[in-house]
Amino acid sequence: MMDIIWIILVAYFALGLIAIIALDLSTKRVRQRLTTASYATRDKMTLAGSYVGLKTALVITALALWLFWPVAIYGAFKGKEDDNG
């Protein structure tokens, strides 16, 4: 049973990595907006009482993007629809 769970998790994160790379290559949004999102992450964590540097915030933001990659893909398609419509 644990083997199946590990296979599903590895497949999910592998698909996520491929999807994020494809999204970045096609729209360049990841590279453009990652720094801005990292500043926002750092500010929110500082307001919560824990100081983190920009590099740490960048890693946290990138890991969150990797974890929630289906939301990023949905946002990319939604953004294309809004641009076209």
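Rule-based calculations on the coordinates, nothing more; no lab input. Remember, predicted model here, so these are calculated numbers, not experimental data. No Cβ is skipped: glycine too gets one built from the backbone with ideal geometry, and neighbour counts run over all protein chains shown.
Taking the conditions (1) touching a Ser or Thr at 6+ places or on another chain (Cβ under 6 Å); (2) on the phi > 0 side of the Ramachandran plot; (3) not aromatic (Phe, Trp, Tyr) in turn, Ser38 satisfies each one other than (2).
If I filter the stretch 15-36 down to residues being among the β-branched types (Val, Ile, Thr) and loosely packed, with under 12 Cβ neighbours inside 10 Å, which single residue comes out as nearest to Lys80 (Cα to Cα)? If we take residues in the stretch 15-36 being among the β-branched types (Val, Ile, Thr) and loosely packed, with under 12 Cβ neighbours inside 10 Å, then Ile21 is nearest to Lys80 (Cα to Cα). Only one entry of Tyr51, Tyr12, Tyr39 meets the criterion of being assigned to a helix (DSSP H, G or I) and farther than 27 Å from Glu81 by Cβ, and that entry is Tyr39.
Among all residues of the stretch 3-14, there is at least one that is touching a residue at least 40 places away in the same chain (Cβ under 8 Å) and within 24 Å of Ile73 (Cα to Cα). Checked against (1) within 17 Å of the chain's Cα centre (by Cα); (2) outside any helix (DSSP H, G or I), Ala64 passes all but condition (2).
It is to be established whether one or more residues within the stretch 41-55 are without any contact (Cβ under 8 Å) to a residue 12 or more places away in the chain, surrounded by 12 or more Cβ atoms within 10 Å (Cβ to Cβ) and under 16 Å from the mean Cα position of the chain (by Cα). No; the residues of the stretch 41-55 include none that is without any contact (Cβ under 8 Å) to a residue 12 or more places away in the chain, surrounded by 12 or more Cβ atoms within 10 Å (Cβ to Cβ) and under 16 Å from the mean Cα position of the chain (by Cα). The residues in the stretch 16-27 that are without any contact (Cβ under 8 Å) to a residue 40 or more places away in the chain and within 13 Å of the chain's Cα centre (by Cα) can be counted, and the count is 4.
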